[in-house]
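Worksheet: one structure, shown below.
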Amino acid sequence: MTTLVFGHKSPDTDSTGSPIIWAWYLNQIKGVDAAPALLGEPNTEALFMLDHWKLDKPQIIDGVAEGQDVVIVDTNNPAELPDGINAANITAIIDHHKLVGGLETAGPIEIRIEPLACTATLMWKMIGDDMAQMPTGIKGAMLTCILSDTLEFRSPTTTQEDKAIAHALAKDLGVDIPAFAAEMFAAKSDVSAFSEAELLRMDSKEYAVDGKQFRVSVLETTAPASVLDRKEALIAAMPGVASEDGADQVLLFVVDILNEEATMLVPNDLTKTVAEKSFGASVSGDTVVLPGIMSRKKQIIPNLKV
């Protein structure tokens, strides 16, 4: 049976690249038949990565069969995985997020979770000397994942290990990090082809706070005006997306990568309360700027209050 390797729904660059990296490792180093998969269409930056490094887009799946061998990467949250995931045969979990709980396995498995900015950083450590056999394209995906998750080392989740490994990969590949990161972020910032509902779901996670269910959406960009110019339409789309997804409210944060701040949309009293209680913000309109807020994992979700 082929082992499927996949990350979370609404796949970003790390949840697109890390399955490719680990499937290569299982196939070429461990002798395990494996294939990368995606739980939805990848975002524009992830598509840039695939095109730049000449990698095939993994198959898109919407579920897994009972007993299917799977490796879960870049998440351990059942809400971000296919329905029925616990009926699959989970053989390993590789992640860099907090432990959520709720996954069940048929037996003991390999689990590796470390406080790093990127799953690909952890995979570099796990692969070790076998990195010497890794093709250029897979190494390129690894570098892209790290630069994406660290926002080119601007994110507060960045560790020295993330930095050191990225620089080692860049040297090996002959890549100028600032120039390459600028290309990545330009691709990520081009959201013109997406509807408001797609933008609200593009990079989002489900999270409950004191009985309220939120879809916490983050759009990282070097051109925040391209998103904020659509503010009214995004606000109008929020109730429909929330209703369809079983949430009380969509929380949207537009992260300005270069200025290292986030703009939160504030369409109603609930989001105003969240902004004021969570971030000490003073809200007077339908947006509020949150200086220094860059990371959903480290700065947004842990601070959410209602």
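Below is a table of values for the structure above.
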item: R0 of 25 Å, Cβ-Cβ distance Ser282-Asn259: FRET efficiency to nearest 0.05; result: 0.85
item: Anchor Lys231: aspartates and glutamates whose Cα lies under 19 Å away (excluding residues fewer than 8 positions away in-chain); result: Asp190, Glu196, Glu198, Asp203, Glu220, Asp256, Glu261, Asp269, Asp286
item: Largest to smallest accessible area among Thr158, Thr136 [probe 1.4 Å]; result: Thr136, Thr158
item: All lysines inside 30 Å of Lys171 as judged from Cα atoms, apart from same-chain residues fewer than 8 positions distant; result: Lys30, Lys54, Lys57, Lys125, Lys139, Lys163, Lys188, Lys297, Lys298
item: Region 174-221 - convex hull of the alpha-carbon atoms, volume per residue in Å³; result: 96 Å³
item: Among (1) -0.33, -0.87; (2) -0.26, -0.91; (3) -0.43, -1.05, the entry derived from the coordinates for log10 I(q)/I(0) by the Debye sum over Cα atoms at q = 0.07, 0.13 Å⁻¹; result: (2)
item: Rounded accessible area per residue of the chain, 1.4 Å, Å²; result: 41 Å²
item: DSSP-defined antiparallel bridges as percent of all bridges, region 162-275, nearest 5; result: 55 percent
item: Within a Gaussian network of the chain (alpha carbon springs, distance under 10 Å), most fluctuating of Leu122, Leu228, Leu47; result: Leu228
item: Test item: Cα-centred dipole of region 169-306, Lys/Arg +1 and Asp/Glu -1 on Cβ, debye; result: 440 debye
item: Unit charges at the beta carbon, dipole of the chain: most positive-side option, Val283, Leu39, Ala237; result: Val283
item: Charge tally in the Cβ shell below 11 Å around Pro267, where Lys, Arg are +1 and Asp, Glu are -1, Pro267 excluded; result: -1
item: Residue among Glu80, Glu41, Glu66 with the largest mean-square fluctuation in a Gaussian network model of the chain, springs linking Cα atoms under 10 Å; result: Glu66
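The values are calculated or read from the model by the stated rules, or taken from the named source; none is laboratory data. Please read these numbers as outputs of a predicted model, since none were measured by experiment. Cβ: placed from backbone, ideal geometry, glycine included. Neighbour counts: every protein chain shown. Accessible surface areas use protein heavy atoms only, side chains included; no ligands, DNA or RNA. Shrake-Rupley method; radii C 1.70, N 1.55, O 1.52, S 1.80 Å.
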